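Below: the structure, in structure tokens.
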Amino acid sequence: MFKRREKLSFWHKVKTWFWPSIGWKKYMRYLLLRLSRMGSSPYSLAAGVACGSAISFTPFVGLHFVLAAITAFLCGGNILASALGTAMGNPWTFPIIWVSVYYTGRWFLGEDGAIDFSFLDVFEKGMYALMSFDFSDFVADVWPVIWPMMVGCIPYYIVVWALTYYITKRALMGLKKKKGEAKI
């Protein structure tokens, strides 16, 4: 009943995944409207989105949804909105995030010199260590990269949380004011 008459081709689906067919401006407005219809306060929604966005800057890739939900719960944010906020960390932004967080952490820790490694190898070895409960390789291969990332994500977490919260709350308040629902 709700299917398309003509199925979209695989390449069309891939193209719309990279570039929404309605355009980025309308897509962002659509997401904002969906967010506003969740029925929570602008603070709760903005805090949830901010928690999810900020968690995307941590090196705990498989746990972003869980950590975003926990932090949203702790600060009174909307847990579903935090899941939406984790979309900030995606295949296009993760390489930029990882490199910047890693080198910021190395700078904070006072480490100099270049280290030759691959993030893919580090995450692969970390996953293997977690699955096999063999943490000898974890300490030798993964920890020297994860520790600077954990330290380096802290300033990014704070800045991204504050910016995302401010922008999202302001957009939600503007939307409510436009609808005539703003309460002073």
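The values are calculated or read from the model by the stated rules, or taken from the named source; none is laboratory data. In this text, all values refer to a predicted model and were calculated from it rather than measured experimentally. Quick reminder, even Gly has a Cβ in these numbers, built from the backbone with ideal geometry, and neighbours come from all protein chains shown.
Restricted to the stretch 56-81, and to residues that are farther than 22 Å from residue 96 by Cα and touching a residue at least 40 places away in the same chain (Cβ under 8 Å), which residue is surrounded by the most Cβ atoms within 10 Å (Cβ to Cβ)? I'd like the intermediate steps shown before the answer.
Taking the stretch 56-81 as the starting set, the residues that turn out to be farther than 22 Å from residue 96 by Cα are 66, 69-81.
Now restrict to residues that are touching a residue at least 40 places away in the same chain (Cβ under 8 Å): 78, 80-81.
Working: 78: 26, 80: 17, 81: 24.
Restricting to residues being farther than 22 Å from residue 96 by Cα and touching a residue at least 40 places away in the same chain (Cβ under 8 Å), the top hit is 78.
Looking only at residues that are among the polar types (S, T, N, Q) and at pLDDT 75 or above in the stretch 1-55, which one is surrounded by the most Cβ atoms within 10 Å (Cβ to Cβ)?
At the first step, the residues of the stretch 1-55 found to be among the polar types (S, T, N, Q) are 9, 16, 21, 36, 40-41, 44, 53.
Imposing the further condition that a residue be at pLDDT 75 or above reduces the set to 9, 40-41, 44, 53.
Numbers: 9: 9, 40: 20, 41: 14, 44: 20, 53: 25.
So, considering only residues that are among the polar types (S, T, N, Q) and at pLDDT 75 or above, the one surrounded by the most Cβ atoms within 10 Å (Cβ to Cβ) is 53.
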Cross-chain or 6+ apart pairs with Cβ under 7 Å, the stretch 154-172 first and within 24 Å of residue 105 (Cβ to Cβ), then at pLDDT below 90: 164/85
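State whether one or more residues within the stretch 108-121 are surrounded by 13 or more Cβ atoms within 10 Å (Cβ to Cβ) and at pLDDT 90 or above. Quick ask: steps written out before the conclusion?
Here is the first cut: in the stretch 108-121, the ones surrounded by 13 or more Cβ atoms within 10 Å (Cβ to Cβ) are 108, 111, 117, 119.
Among the residues that remain, those that are also at pLDDT 90 or above are: 108.
Taking every residue of the stretch 108-121 in turn, at least one turns out to be surrounded by 13 or more Cβ atoms within 10 Å (Cβ to Cβ) and at pLDDT 90 or above.
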Positions within the stretch 35-87 being out of contact with any Ser or Thr (no Cβ under 6 Å at 6 or more places or on another chain), closer than 24 Å to residue 131 by Cβ and in a loop (DSSP other than H, G, I, E, B), in sequence order: 58, 59, 60
